[in-house]
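These notes are about the structure you will find just below.
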Amino acid sequence: MNLNFKNRTYLLLTILFISLLLFSCSDSNDSGSPKLISESNKKLTLEDKKIFGIESGIIEYTISGSQEGTRKLYFDDWGRNQAEYSNTTINIGEYSKKTNLLKITKGDDQYIIDLDKRNGTKRENPLIEKLFDLQGQVSHGDFGEQLVLINGGYKTGKEKIDGRNCTIYEFKNRHSKNWMWNWIMLKSEIHYGNMNITILADDIKENVSVPDSVFKFPPNVLITEVNTKSFQNHPKEPEY
């Protein structure tokens with residue numbers, strides 16, 4: 001059955017909402033680094049920040065509900081380096097779409113790569129914007145806790161996930177709850193309209209050696225750099 005205009009508009013907005021919550025063609029050069037288009041300026045840096053409460057780890061997730069699939073997160077340097085591989089299918093009504101994405105975060109930069117289309121984007125790490133928001137504020141607790149609070153999270157309880165004590169934070173602006181351990185999400189529930197998604201960690205390896213290869217770009221990928229304006233010079237509301 002064809003969707004009318006109103007339903008199609010709602011569908012597109014819902015898909016956009018999922019993309020904002022859950023993440024986000026040519027040959028590479030001879031050096032193995034991706035080709036880049038445009039440049040951006042950075043003033044604030046995450047080089048002295050511990051994103052997570054443990055130095056390194058490998059976590060595998062199962063995604064179920066309106067979105068189904070798997071996610072695998074590798075990280076070291078206290079979360080400043082991350083590689084997140086996700087292979088999922090979104091099902092909303094009669095709409096279905098598969099995605100095979102790699103998100104690499106290296107310090108102040110972030111890359112999101114479509115592994116099927118062999119292209120992607122580079123942008124400033126979104127946490128740089130959070131640093132801007134935190135400027136001038138009196139900081140208490142871990143940096144990871146500051147990020148949770150500035151994103152609107154508030155404590156609603158505690159629960160164990162895979163034997164690890166988690167604090168549950170609710171984010172009303174995201175229509176979600178996150179179970180946080182060492183400022184790492186081990187479980188997330190998202191409820192938005194008829195959309196219901198659960199992300200659950202089912203294999204957790206902490207403080208392990210993470211191979212450098214997982215943070216490298218796949219071959220034959222074109223990366224387009226998003227030329228974002230300096231958050232320090234152009235303040236704006238944070239994106240949730």
Could you tell me which of T105, T198, Y85 has its Cα farthest along the dipole of the range 41-225 towards the positive end, charges placed at Cβ (Lys, Arg +1; Asp, Glu -1), taken about the Cα centre?
T198
Distance cut-off 20 Å, Cα to Cα: go down the list K103/K216; K130/K160; K97/K117; K172/K205; K50/K205 and report the pairs above it.
K130/K160; K172/K205
Report ³J(HN,Hα) in whole Hz for each residue of the range 66-80, in order, from the Karplus equation J = 6.51 cos²θ - 1.76 cosθ + 1.60 where θ = phi - 60°; Gly and Pro get x.
5, 10, 10, x, 9, 9, 10, 10, 10, 8, 8, 6, 6, x, 6
Please report how far the C-alpha centroid of the range 148-224 lies from that of the range 77-134, rounded to the nearest whole angstrom.
13
Rounded, prolate or oblate, given the Cα gyration tensor of the range 41-225, with a/c below 1.5 counting as rounded?
rounded
Please state the charge dipole magnitude for the range 41-225, taken about the Cα centre, from unit charges on C-beta atoms (+1 on K and R, -1 on D and E), reported in debye and rounded to the nearest 20.
300
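A short reminder: the numbers here are calculations on the coordinates, not readings from a lab. Just so it is clear, the model here is predicted, and its values are computed rather than measured. Every residue, glycine among them, receives a Cβ derived from its backbone with ideal geometry; neighbour counts consider all protein chains shown.
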